[in-house]
Amino acid sequence: MRIGGRWALVTLVAVVSLPVDAQSLRPAAPPPPTVFAVGDIVHCAAPEAAEMTGRLMERLLNETPHSIGITLGDNSNDDGSEASYGCFDRTTWGRLMPRLHPTPGNHDYIADAELPYYYLYFPNAGRPRLGYRAWNVGEWRLYALNTELPTPELRQAQLAWLEQDLSANHKSRCVLAYFHRPPFSSGNFASVPRALPIFRKLFKYGGDLVVTGHEHFFSTLPPLAPDGIVNRSHGIPTLIAGTGGAVFFNPPARLRYSSAGEAVLPRQLGILRIVLKPSSFEWAFIPVDPAVRAPSGTGTCHENPPGVTG
């Protein structure tokens with residue numbers, strides 16, 4: 001080839017097509033969804049603790065793809081009025097409000113049991129006066145349930161709705177349910193009348209994990225049947241995370257299920273992290289104080305127990 005009055009030698013390079021591994025061209029699978037959970041959050045008289053957990057929740061949500069935040073009741077740990085929710089709103093939790101999937105607690109119902117301000121404040125609170133709802137997150141079905149419904153008729157309607165939805169969905173998805181009052185606890189605030197009927201429905205349809213607040217500490221309970229007996233095959237484990245900023249409770253004097261792996265972490269602010277895998281889950285308590293050695297664990301989804309009736 002002649003270039004500018006000179007000859008130039010051009011070298012032709014053959015391009016050889018190499019076999020391409022089709023698998024390498026596929027986009028990486030997204031990480032499994034993550035739930036961050038905590039309850040019992042803001043006291044107007046001492047909002048500093050809630051500010052610390054709010055900042056932690058914000059950081060965890062921002063740095064974790066495919067994550068959601070849920071609350072476990074007593075978002076206002078005063079009386080649930082508009083004024084007490086002003087305290088919630090002035091902390092970092094107020095900035096997080098649109099991103100949260102809440103449940104109410106007993107304190108949220110004190111000021112107005114007919115229509116708590118909770119329903120006016122949270123955009124994701126569900127139907128006013130009811131609050132229970134379900135939706136899919138990855139391979140899981142999540143149930144936000146209400147242990148504070150004020151009448152037996154409303155509580156029975158929730159149970160009927162829950163059974164219908166579980167019957168339609170439990171075979172294809174793992175099940176996580178969250179609500180305020182725990183059905184079992186070694187503390188002082190397990191609620192048999194309010195929470196155990198819900199737990200029975202979840203057990204019947206193979207529920208895989210229950211998460212609650214109400215006790216102002218972090219606690220893990222082994223897989224239990226509705227009679228309170230450890231059942232490794234079909235029981236439901238419970239995680240209690242009332243660690244959002246409310247005044248701490250003293251830890252239980254005796255752990256009812258200590259021989260089965262029950263653990264309590266008292267007097268620590270923090271957020272519960274749950275990673276929802278297709279047929280299992282991983283959990284860890286993330287303390288505000290990074291120097292604290294916190295518990296973690298795993299679990300698997302399972303079928304509903306044979307021969308169980310409602």
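No lab work stands behind these numbers, since they all come straight from the coordinates. The structure presented is a predicted model; accordingly, all values stated were derived computationally and were not measured. Here the Cβ positions follow ideal geometry from the backbone for every residue, glycine too, while neighbour counts run over all protein chains shown.
Extension gain for the segment Asn169 to Val288, taken as residue separation times 0.36 nm less the Cα-Cα distance, is 39.2 nm to one decimal. A simple spin-label model places pseudo-atoms 7 Å from Cα toward Cβ; at Ala157 and Gln268 they are separated by 4.2 nm. Helical runs assigned H by DSSP (4 residues or longer) give the chain a calculated mean residue ellipticity at 222 nm of -6500 deg cm²/dmol, each run adding -39500 (n - 2.57) before division by the residue total.
On a C-alpha basis, how far is the centre of the stretch 108-163 from the centre of the stretch 219-294 in Å? Whole number, if you could? Spelled out, the Cα-based centre of one part sits 23 Å from the other. For His214, nonlocal amide neighbours, meaning residues 5 or more places apart or on other chains whose placed amide H falls under 5 Å from its own, are Asp40.
Neighbour counts of other Cβ atoms within 10 Å put Trp161, Trp135 in the fewest-to-most order Trp135, Trp161. Taking the Cα centre of the stretch 31-300 as reference, the dipole from Cβ charges on Lys and Arg (+1) and Asp and Glu (-1) amounts to some 840 debye.
Does the stretch 130-193 classify as rounded, prolate or oblate by the C-alpha gyration tensor (a ≥ b ≥ c root eigenvalues; a/c under 1.5 gives rounded; else a/b over b/c gives prolate, otherwise oblate)? Before the final figure, lay out the partial values.
Values: a/c = 2.30, a/b = 1.40, b/c = 1.64.
Taking the square roots of the gyration eigenvalues as a ≥ b ≥ c, the stretch 130-193 is oblate.
For the stretch 31-300, what does the alpha-carbon gyration tensor say about shape, rounded, prolate or oblate, given a ≥ b ≥ c as the root eigenvalues, a/c under 1.5 as rounded, and a/b over b/c as prolate?
Verdict is rounded for the stretch 31-300.
Between the amide H of Val175 and those of Arg141, Asp208, Leu209, distances stay under 5 Å, these residues lying 5 or more places away or on another chain, with hydrogens modeled in the peptide plane. Mean sequence separation of contacting Cα pairs (under 8 Å, at least six apart), scaled by the length of the stretch 34-138, corresponds to a relative contact order of 26 percent.
If you sort the three axes of the alpha carbon gyration tensor as a ≥ b ≥ c, you get a/c of 1.5 or more for the stretch 164-288 and a/b above b/c, which makes it prolate. Between the beta carbons of Ala46 and Thr300, assuming R0 = 25 Å, the FRET efficiency works out to 0.05 to the nearest 0.05. Think of each Lys and Arg Cβ as +1 and each Asp and Glu Cβ as -1; about the Cα centre, that makes the dipole of the stretch 240-293 roughly 80 debye. Excluding same-chain neighbours fewer than eight residues apart, the aspartates and glutamates reachable from Lys277 by a Cα-Cα span under 14 Å are Glu139, Asp208. Remark: the Asp112-Ser258 segment gains 48.6 nm on full extension, using 0.36 nm per residue and subtracting the alpha carbon distance. A straight line joining the Cα centroids of the stretch 169-198 and the stretch 55-96 runs 22 Å. Looking at the chain alone, DSSP beta bridges between its own residues are antiparallel in about 65 percent of cases.
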